[in-house]
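Novice: Would you mind keeping the following structure in view while I ask a few things?
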Amino acid sequence: MRTESKEMYLKTIYLLSKKKGEVRNIDIASELAISKPSVTEMLKRLVSDGDITINRDNIISLTTEGKERAEMIYNRYVTFVDLLTLMEIPEEKIHDAACKLEHGVTDEIFYYMRNWLDKEKKRT
């Protein structure tokens, strides 16, 4: 099931793993500025959904499916950052807007937006 909260966790785990290598729940709590118990609850759900694994040392890893979802979510975010930048939205507003768009736009509409952006980039 796709939810904004789940997508935020997957993207955060993905980015932290690229940056730090190993990810623990404290890293996620710090990055998202939320409590460790809240992180623990969502991690249980992500394990249950097959998106992550947690080893005996409490290191969190994305499964193949989880990584694919996380990359898709991150690519959506990057696309919206590019689109908003092209639209000359003030830089300080881009991050929050891109985060909201990445979760709020259907896959079909995203496809059209991505294609338009690709064409627009080729013209410039």
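The values are calculated or read from the model by the stated rules, or taken from the named source; none is laboratory data. This structure is a prediction, so every number in the text was calculated from the model and none was measured. Cβ placement follows ideal geometry from the backbone for every residue including glycine, while neighbour counts extend to all protein chains displayed.
Novice: Are any of the residues in the stretch 17-34 more than 27 Å from N115 (Cα to Cα), surrounded by 13 or more Cβ atoms within 10 Å (Cβ to Cβ) and touching a Gly at 6+ places or on another chain (Cβ under 7 Å)?
Specialist: No, the stretch 17-34 has no match at all.
Novice: Only one of these is within 30 Å of R123 (Cβ to Cβ), surrounded by 15 or more Cβ atoms within 10 Å (Cβ to Cβ) and among the hydrophobic types (A, V, I, L, M, F, W, C): M72, M87, M42. Name it. It would help to see each step written out before you state the result.
Specialist: Numbers: M87 fails: surrounded by 15 or more Cβ atoms within 10 Å (Cβ to Cβ); M42 fails: within 30 Å of R123 (Cβ to Cβ).
Selected residue: M72, the only one of M72, M87, M42 that is within 30 Å of R123 (Cβ to Cβ), surrounded by 15 or more Cβ atoms within 10 Å (Cβ to Cβ) and among the hydrophobic types (A, V, I, L, M, F, W, C).
Novice: Let me ask another. Would the stretch 93-115 turn up any residue that is modelled with pLDDT of 95 or more, in a helix (DSSP H, G or I) and crowded, with 18+ Cβ neighbours inside 10 Å?
Specialist: There is no residue in the stretch 93-115 that is modelled with pLDDT of 95 or more, in a helix (DSSP H, G or I) and crowded, with 18+ Cβ neighbours inside 10 Å.
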